[in-house]
């Protein structure tokens, strides 16, 4: 029997749309699985997928070149639009000799106010230059937060904004600003190549989807030093770990220079994670480090272990401590005390706050 893979994919995506799922997982030997409000839910009324099913679905989604890449045991990322109603960030990879597919639903660009994020983030969208990082584990809303900040600049400032992404997630429409969105592998060869071109394009604001290697990090920092406002993400848990990750990605003989550059160019690090609210939906808990003189000195001198203390005591300067954010979510009835302890990176300190 010949399966109509286009129809199979359409039916699955219609289910995703109807159930307001955030993700869809397709793998041989399993029923399709959706993630709804943080929970993985198998589609019980569906058949288990076969190797032929996942291959057939991928064939409907990508060109021969990308298909060849996957069959050569390479992971690929791509964006996919379904009926102009659903936009998805997709990944394909091999597992157990068969193709696995993961789809993440990309929502419309949401504004900061809608996302339950702190008001202080707006201040960073007004800066003329510097590096602002949004960090956290995979799937914790980093891209959504960054898009909301870019959207605010677009609505309020007359700037030339360039995004370099892999793949493009949120689509922006020009408002006060003009926005060019470039996709790695389609519009530019790499993050680094796209970034270097920015220096010749009369750009004010740059958004880099992810800092994946020392070359990209180095170019991002240089862009921030040379009069650009730069936003990017890293898969780290908090501000201190982010600084260490950046510095440690360079050879030992370059690390002091990188610390000095970061101390001078960084304006803030926002760390976030999403949690299922008892009142419905998802809510963020977050930490904000602002690069004050005290913070810059710690970065320059390699005393990153002291950064957490500066954040905990930096409320007056606008800093936000993750534990304080978790306590507020408990007080607002969004999460339990147990969940706060589970998410805390410093449970001992939480003891004195709960």
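Here are the numbers for this structure:
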| read-out | value |
| --- | --- |
| Residue-averaged 222 nm ellipticity for the chain, from DSSP H runs of 4+ at -39500 (n - 2.57), nearest 500 | -10500 deg cm²/dmol |
| Overall dimensions of region 112-351 by Cα: Rg and Dmax, Å | 17.6, 52 |
| Relative contact order of region 227-354, defined on C-alpha pairs under 8 angstrom at six or more residues apart (%) | 22 percent |
| The chain: angle of helix 142-156 to the longest principal axis, Cα-based, in degrees nearest 10 | 70 degrees |
| Stretchable slack from residue 73 to residue 126, in nm (0.36 nm times residue separation minus alpha-carbon distance) | 14.7 nm |
| Relative contact order [Cα under 8 Å, 6+ residues apart], the chain, whole percent | 12 percent |
| In nm, spacing of pseudo-spin labels at residue 3 and residue 201 (7 Å Cα→C-beta vector) | 4.0 nm |
| Percent of alpha-carbon pairs separated by more than 17 Å within region 5-106 | 47 percent |
| Stokes-Einstein D in µm²/s, Kirkwood radius over Cα pairs - region 149-272 at 4 °C with 1.567 mPa s viscosity | 86 µm²/s |
| Likely footprinting exposure, 135, 208, fewest C-beta neighbours within 10 Å first | 135, 208 |
| Relative contact order for region 179-274, counting Cα pairs under 8 Å that sit 6 or more residues apart, in percent | 24 percent |
| For a label point 7 Å along the Cα-to-beta-carbon line of residue 244, residues of region 115-146 with backbone N under 18 Å | 135-138 |
| Relative compactness, region 65-199, computed as alpha-carbon Rg over 2.2 N^0.38 Å | 1.17 |
| Gain on full stretching of the segment that runs from residue 84 to residue 43 - 0.36 nm per residue minus C-alpha separation | 12.3 nm |
| Highest average packing first - 304-313, 75-84, Cβ atoms within 10 Å | 304-313, 75-84 |
| Selected from 213, 323, 63 as most flexible by GNM, with the chain as the system and alpha-carbon contacts under 10 Å | 63 |
| Rg over Rh, two decimals, region 83-146 (C-alpha only, Kirkwood Rh) | 1.10 |
| Estimated distance in nm for a label pair at residue 331 and residue 31, the labels positioned 7 Å out from Cα along Cα-to-Cβ | 4.3 nm |
| Rounded to 5, the percent of DSSP beta bridges in the chain classed as antiparallel | 60 percent |
| Evaluated at q = 0.21 Å⁻¹: base-10 log I(q)/I(0), Debye formula over Cα of region 210-249 | -0.66 |
| Förster-model FRET efficiency, 45 Å R0, residue 293 and residue 114, C-beta, rounded to 0.05 | 0.85 |
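None of the figures in this text is laboratory data; all of them are computed from the coordinates on show. Predicted model, so just to flag it, every value in this text is computed and none were measured. Note that each Cβ is placed from the backbone with ideal geometry, even for glycine, and that neighbours are counted across all protein chains shown.
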